[in-house]
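Quick notes on the structure that follows.
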Amino acid sequence: MVNKIGLDLGYANITLSDASLEVVREPSVALLDKDTRRILSVGNTAMEMATADNQPVRPLKNGILYSVEFTEQIIKSVLSRLKNSTDIRCVFGIGADFNQKQIAQLRDILHSAGVKECFFVNRAMAAVIGAGFIPTMSVCSVNIGAKRTEVAILHKGEVVYSASKPIGGEDFDLAVQEYILKNGELNIALQDARKIKESIGAVWEGRCSEPIDVTGTLVLTGNRIHMSINTEDILGVFEKPLYELLNAVAIPMRRLEAKYIDAVLENGILLTGGGAELFGLDKMMRNVFKLPVSTMKAPDDLVARGLAAIASFLPVKMRHEGKDITEKIGELYTEYQSQKKKKND
Ligand SMILES: Nc1ncnc2c1ncn2[C@@H]1O[C@H](COP(=O)(O)OP(=O)(O)OP(=O)(O)O)[C@@H](O)[C@H]1O
Ligand SMILES: [Mg+2]
């Protein structure tokens, strides 16, 4: 039996979903040998093998394919967790800025990792399907990752706009890090800034969370000290990345052709990706755009879930192996639905 899966390889995480829509995730990290810089291990194993003086690194620069060796190893690592890994049909998520050469390289990597057939689909399109909507829906899909935000405007299965913007959750982490450096003269690790953002960060009022303790190095003396920080302290620190994020959505919305406006505005914006979990982001966007803004539970799973759902409705004999099939998704879905209806009648 063919194993139909979706794979979303991001800067922070690799997420796999199979036909039963089970989700498996590993961090997109590698542990390197300190002398040779060769990869010792990847994903969960790299996290387990990490020591104080050898910490895992993220080899995917800007979320785009960077190290072929790492990409192959991390893909093999998640595929090894499938119950049936013999006959795999994989739909792989790509950003709007992926070029033909990168897609061809990814196809070769997937084949050598044991995938029999692969297809590529825009992540923002896949996120809509993963969120439970039909691919022919008109909507502005915004997938906020750690490094990049994919924005796509979809109308009746057609991608009328798509872009990959260099803004993501990590820019919000950097804003926290910078604030603590300026106001407390304390250097903190980026992963600690991320934890602060996730546990007490907010871009809209109303978050009730306990203050948290941060440990950092005093700039002046090098002493390790603690500092307590609460939501109100950092409420304003996200202004710059937030502005960039809102702009990434506002620009295409402002330029939307008249024939798409009504349909897109009716459904508004769908927010997915881990970055969509930032407290108050949906409220902030609703307020700025005066449009419906939908969010879902576990928004970082939705691209992989959508890709797996696509894998399950592609025809058995699907052409365009190894190619970007984003533009065909609406049509293929409509065809699948009508075949299903015929069978049931
Ligand atoms: N509760 C939360 N609040 C704020 N941000 C969060 C929360 N949970 C996760 N995130 C952020 O989501 C981001 C990771 O999301 P995701 O797994 O979708 O990224 P990715 O797909 O690996 O990255 P990219 O798409 O840029 O390649 C991180 O920046 C993380 O801090
Ligand atoms: Mg992503």
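Details
- Note on residue 37: accessible area approximately 140 square angstrom, rounded to 10, probe 1.4 Å, nucleic acids and ligands left out.
- Computed from Cα atoms, the angle from the helix 190-200 axis to the main principal axis of the chain rounds to 80 degrees.
- Under the convention that each Lys and Arg Cβ holds +1 and each Asp and Glu Cβ holds -1, the size of the dipole of the range 197-277 around its Cα centre is about 300 debye.
- About the centre of its Cα atoms, the range 169-234 shows a dipole size close to 160 debye [charges on the beta carbon of Lys, Arg (+1) and Asp, Glu (-1) only; nearest 20 debye].
- Fluctuation leader among 273, 322, 130 - the chain, Gaussian network, Cα springs under 10 angstrom: 322
- Degrees between helix 100-112 axis and first principal axis of the chain (Cα, 0 to 90, nearest 10): 80
- If you sort 333, 260 by accessible surface, 1.4 Å probe, largest first, the order is 333, 260.
- Where 285, 1 fall by accessible area, highest first, once all protein chains stay in place (1.4 Å): 1, 285
- Cross-link partners of residue 343 among aspartates and glutamates (Cα-Cα below 19 Å; sequence separation of 8 or more within a chain): 331, 335
- For the residue pairs 240/297; 76/156; 116/328, alpha carbon separations beyond 24 Å are given by 240/297; 76/156.
- Solvent-accessible heavy-atom area per residue, rounded to whole Å², over the chain at 1.4 Å: 49
- Cross-link reach list, aspartates and glutamates versus residue 259, counting only Cα pairs under 14 Å and skipping chain neighbours closer than eight places: 158
- Atom-type composition of the exposed protein surface of the chain places 50 percent of the accessible area on carbon and sulfur (1.4 angstrom probe).
- Low-density loop positions, GluC sites (Glu not before Pro), the range 160-226 - DSSP coil, at most 11 other Cβ in 10 Å: 205
- Against the chain, whose longest principal axis comes from its Cα atoms, helix 329-344 is set at around 50 degrees.
- Only one residue of 9, 220, 287 has its Cα farthest out toward the positive end of the dipole of the chain, where Lys and Arg carry +1 and Asp and Glu -1 on Cβ, and that residue is 9.
- Nearest-10 value in Å² for the accessible area of residue 153, using the 1.4 Å probe: 0
- When both the range 92-107 and the range 229-287 are represented by their alpha-carbon centers, they are found 26 Å apart.
- Computed over protein heavy atoms with a 1.4 angstrom probe, the accessible surface ordering of 243, 336, largest first, is 243, 336.
- The chain has equivalent-ellipsoid semi-axes of 35, 27, 15 Å, by the square roots of 5 times the alpha carbon gyration tensor eigenvalues, sorted largest first.
- Residue among 30, 248, 298 with the largest mean-square fluctuation in a Gaussian network model of the chain, springs linking Cα atoms under 10 Å: 298
The values are calculated or read from the model by the stated rules, or taken from the named source; none is laboratory data. Just so it is clear, the structure is predicted and the values come from calculations on it, not from any experiment. Every residue, glycine as well, gets a Cβ built from its backbone with ideal geometry; the counts of neighbours run over all protein chains shown. Quick note on the areas: whole protein, heavy atoms, side chains included, nothing else; ligands and nucleic acids left out. Shrake-Rupley method; radii C 1.70, N 1.55, O 1.52, S 1.80 Å.
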